[in-house]
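Engineer: The following block contains the structure, expressed as C-alpha cells.
Since every read-out is calculated from the coordinates, none of them should be taken as a lab result. Computed from a predicted model, the values in this text were never measured in an experiment.
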C-alpha cells in the first residue's frame, strides 16, 4: 500500500533486490544500535552502522594516510 486511501499496487522484484534491501535495512538497525551503545558509553568501531557508500565517500574525502 502506497497511500492512505487503501489502494495497493504490486511491484515486481527479484531475490537479489530483496536481499540487498534487507542488508541495507540491517545497516539502519546497526546505526540505531551504535547510537544506543554510545549513550551507555560503549565504544563501537567508527565504520559500524554506516552504509558502504558513506564509507567510500568519507574515504575519498579524507587526506591520504601516511605510513
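Engineer: Just to be sure I follow: if Rg is taken over the C-alpha atoms of the chain and Rh is the Kirkwood radius over the same atoms, what is Rg/Rh?
Structural biologist: So for the chain, dividing Rg by the Kirkwood Rh gives 1.17.
Engineer: With runs of 4+ DSSP H residues as the only contributors, calculate the mean residue ellipticity of the chain at 222 nm using -39,500 (n - 2.57) per run, divided by the residue total and rounded to the nearest 500.
Structural biologist: Using -39500 (n - 2.57) per qualifying helix, the result is -17500 deg cm²/dmol.
Engineer: Which residue, 35, 26, 46, tops the fluctuation ranking in a GNM of the chain built on C-alpha contacts under 10 Å?
Structural biologist: It is 46.
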